[in-house]
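A short write-up of the structure that comes next.
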Amino acid sequence: MSENVYPVSPEWAARAWLDEAKYKEMYKRSIDDPNGFWGEMGQRLDWIKPYTKVKNTSYDPHDVRIRWYEDGSLNVCYNCVDRHLPTRADQNAIIWEGDDPTEDEQITYRQLHERVCKFANVLKANGVKKGDRVTIYLPMIPEAAYAMLACARIGAIHSVVFGGFSPDSLMNRIADADSKFVITSDEGVRGGRAIPLKKNTDDAITAGNLSDMKVLVVRRTGGAVDMVPGRDLWLHEELVKVSADCPIEEMNAEDPLFILYTSGSTGQPKGVVHTSGGYLLFAGLTHQYIFDYHDGDIYWCTADVGWVTGHSYIIYGPLSNGATTLMFEGVPNYPTASRFWHVVDKWQVNIFYTAPTAIRALMGAGDDFVNRTDRSSLRLLGSVGEPINPEAWIWYYRVVGNSRCPIVDTWWQTETGGILISPLPGAMALKPGSATLPFFGVQPALVDEHGNELEGAVNGNLIIKDSWPGQMRTVFRDHDRFVQTYFSTYKGNYFTGDGARRDEDGYWWITGRVDDVLNVSGHRMGTAEVESALVAHPKVSEAAVVGYPHAIKGQGIYCYVTLNAGEAVTDELKAELVKHVRAEIGPIASPDLIQFSGGLPKTRSGKIMRRILRKIAEDDFSNLGDTSTLADPLVVEDLIGNRQNRKVTG
Ligand code: 6R9
């Protein structure tokens with residue numbers, strides 16, 4: 001092996017579920033005999049009606065079909081809660097740590113069961129039925145978990161919308177899912193600041209002219225809200241009316257469990273559909289083996305439940321394994337940059353899973369914030385959301401983990417449901433920056449732009465050749481878009497949208513998106529979404545948005561904006577545009593740099609040449625490539641000449 005390599009330590013080889021030989025044997029079987037392998041793995045779940053069929057999948061663009069365990073039935077909530085009661089009723093299921101360090105709560109499996117059943121009865125009493133879509137717009141409070149599990153219990157399909165999205169983004173997601181029921185709270189709190197979630201919900205309903213809605217409101221802060229009679233309900237008032245007895249709904253393995261909206265390179269965010277059996281199985285299996293979860297471990301994933309990481313690795317994976325999962329309401333630097341490590345010490349966390357952007361920000365705050373804490377409970381560290389640069393990896397390993405804890409760099413996507421490429425801590429030597437090797441059943445490959453498969457140590461576009469149980473099944477009510485987006489570029493294969501390199505040891509290094517998707521602080525967004533927000537401003541004529549390297553966020557948002565004739569370029573206008581984009585999409589989409597330009601580089605057929613814009617954003621002018629097809633080559637000189645006019649904003 002050529003690079004820095006961190007071999008599996010003898011302690012880890014001895015304690016882990018899987019060692020190298022076992023991984024190799026199981027991986028081989030998962031590829032050679034998927035029906036046998038996944039048929040056995042499926043036994044981890046409790047089924048109401050056992051399956052007799054395992055895999056029924058096709059990536060043929062004329063017949064894209066993804067079905068797992070299709071004649072089995074089960075209930076996801078039962079698998080995450082009820083089935084643990086005989087052995088774990090008094091074990092903590094959820095440890096909740098508030099934004100304010102003096103606020104916390106421990107919820108046992110017995111309490112979780114009772115609260116979820118009551119929550120489910122509130123939904124039922126207010127008309128929610130199997131198959132209905134329920135939008136959840138909540139902060140990181142235990143009610144978010146109760147709400148998701150309550151939906152699963154009664155067969156309703158949840159659609160969680162991240163609390164940082166604007167009223168307009170929320171409105172679009174409610175409307176697309178054709179959802180009549182929203183669960184929100186008076187306010188959320190993060191870093192000591194209140195977020196007006198109920199008001200945003202009111203604004204979303206008004207903006208979308210949405211009718212026949214019901215809004216269930218959790219009281220979190222006690223802040224004042226307007227309650228619309230007949231439409232809005234307080235959760236605490238509803239809970240006293242219902243019993244704690246709520247039978248489970250029998251669901252087919254392929255019945256939808258949830259919709260989660262995610263950004264692509266074109267158009268509005270897509271409603272990614274995940275189903276009950278295969279998804280839960282895959283979330284639980286990956287959680288156990290990749291985090292090497294053992295009974296009694298305290299596990300903490302710092303994601304928000306508004307993202308897929310929160311779904312699979314705060315709620316469904318851990319709870320299906322009967323784990324204790326920590327849920328954190330706050331942010332890494334409040335009240336101080338030691339917060340994560342204080343929480344680790346307070347709850348004696350063993351497994352800690354976060355994002356590179358948080359690691360880089362904390363690295364920037366200095367080692368003192370880490371060194372003044374103990375962290376001896378930590379055994380394993382994880383990373384997700386974007387490529388982790390080796391420098392941040394090594395800091396995480398050395399300073400946070402005291403060079404004792406392996407790091408699992410887990411590559412996956414909203415679409416994949418669970419982790420696809422990652423180390424197994426007892427089975428693989430680590431290389432800083434590499435997601436290492438594929439999980440069971442996952443067959444990654446590299447292709448060039450024509451779809452020719454590349455062999456050996458090379459760079460290319462990352463595809464997956466066959467299905468795994470956690471894969472998304474369709475785009476909500478738009479199967480054609482599903483086929484078009486993922487299976488038409490490289491026919492017969494799933495296209496990830498990512499680029500990757502495979503090294504001499506067969507290790508995978510994800511290099512980032514190769515499409516027009518930005519990854520800002522681990523949040524996914526389409527350049528097209530930001531562009532359409534910008535051009536919706538009355539003074540903007542045209543906009544093009546690209547990513548550029550950003551020391552903390554991974555990628556920053558660089559906007560080229562052309563104003564309508566006669567509009568003056570001012571700093572006020574820049575600030576106004578930033579505010580406008582935040583209002584249209586949400587704070588996560590705040591532009592970092594805005595450059596006003598007289599024109600944009602276009603081909604003679606009018607296509608914006610983003611390749612050139614990306615290079616200028618990266619300050620790499622030496623290598624602009626072929627500009628001969630430009631309609632007006634002078635535009636490029638003008639853009640370069642005016643680059644000092646950009647300004648850090650937001
Ligand atoms: C789970 C999640 C997916 C995109 C994905 C890729 C990037 C995620 C990564 C990673 C390098 C990792 N990504 N994990 N890149 N190394 N370990 O983040 O889902 O929000 O859908 O984003 O994130 O570019 O395509 P999602």
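The values are calculated or read from the model by the stated rules, or taken from the named source; none is laboratory data. Please read all numbers here as calculations on a predicted model, not as lab measurements. Positions of Cβ are generated from backbone atoms using ideal geometry, with glycine treated the same way; all protein chains shown enter the neighbour counts. The accessibility values were calculated without ligands, DNA or RNA, using every heavy atom of the protein model including side chains. Shrake-Rupley method; radii C 1.70, N 1.55, O 1.52, S 1.80 Å.
Normalised per residue, the accessible area of the chain is 37 Å², obtained with a 1.4 Å probe and no contribution from ligands, DNA or RNA.
Only Cα pairs under 8 Å and 6+ residues apart enter the sum, and on that basis the relative contact order of the stretch 531-634 stands at 26 percent. For the stretch 269-306 versus the stretch 467-493, the inter-centroid distance based on Cα atoms is 21 Å.
How big is the equivalent ellipsoid of the stretch 1-138 along its three axes, where each semi-axis is √(5λ) from the Cα gyration tensor, reported in whole Å from largest to smallest? Don't skip to the end; give the middle numbers.
Details: eigenvalues 235, 159, 60 Å².
Sorted largest first and rounded, they come to 34, 28, 17 Å.
Projecting the Cα positions of GLY271, MET148, VAL189 onto the charge dipole of the chain (unit charges on Cβ atoms of Lys, Arg, Asp and Glu, taken about the Cα centre) puts MET148 furthest along the positive direction.
Size of the dipole of the chain about the Cα centre, Lys and Arg at +1 and Asp and Glu at -1 on the beta carbon, nothing else charged, in debye to 20? Before the final figure, lay out the partial values.
Details: 66 positive and 83 negative charges, 93 e Å.
Using Cβ point charges on Lys, Arg, Asp and Glu, the chain gives about 440 debye.
A simple spin-label model places the labels of ALA429 and GLU391 2.6 nm from each other, with each point 7 Å out along Cα-to-Cβ.
Legend: P(r) of the chain from all alpha carbon pair distances, 10 Å bins from 0, whole percents, reading 3, 15, 26, 28, 19, 7, 1, 0.
Shown for the chain: the carbon plus sulfur share of the solvent-accessible area, taken with all protein chains present and a 1.4 angstrom probe, equals 49%. Taking every C-alpha pair closer than 8 Å and separated by at least 6 residues, the mean separation divided by the residue count of the chain gives a relative contact order of 13 percent. With a cut-off of 14 Å between beta carbons, the residues surrounding TYR51 carry a summed charge of -2, where Lys and Arg count +1 and Asp and Glu -1. Comparing Cα centroids, the stretch 412-440 and the stretch 209-259 end up 37 angstrom apart. Dipole magnitude for the stretch 528-587: about 200 debye, using +1 per Lys or Arg Cβ and -1 per Asp or Glu Cβ, origin at the Cα centre.
Give me the net charge for the shell around GLU254: Cβ to Cβ below 10 angstrom, other residues only, Lys and Arg +1, Asp and Glu -1. After counting each charged neighbour, the total is -1. Taken over the alpha carbons of the stretch 269-427 as equal point scatterers, the Debye sum produces base-10 log I(q)/I(0) values at 0.11, 0.17, 0.18, 0.20 Å⁻¹ of -0.40, -0.98, -1.10, -1.35.
Averaged over residues, the count of other Cβ atoms within 10 Å places the peptides 203-209, 405-411 in the sequence 405-411, 203-209, highest first. For the stretch 571-599 versus the stretch 53-116, the spacing of their alpha-carbon centroids is 40 Å.
Counted by Cβ distance under 9 Å from GLU143, the other residues give a net charge of +2, where Lys and Arg count +1 and Asp and Glu count -1.
Estimated purely from DSSP H runs of n ≥ 4, each contributing -39500 (n - 2.57), the mean residue ellipticity at 222 nm for the chain is -8000 deg cm²/dmol once divided by its residues.
Place the peptides 263-274, 217-228 in order of packing, highest mean first, counting for every residue the other Cβ atoms within 10 Å and averaging per peptide.
Values: 263-274: 21.0, 217-228: 15.5.
Ranked from most to least packed, the peptides come out as 263-274, 217-228.
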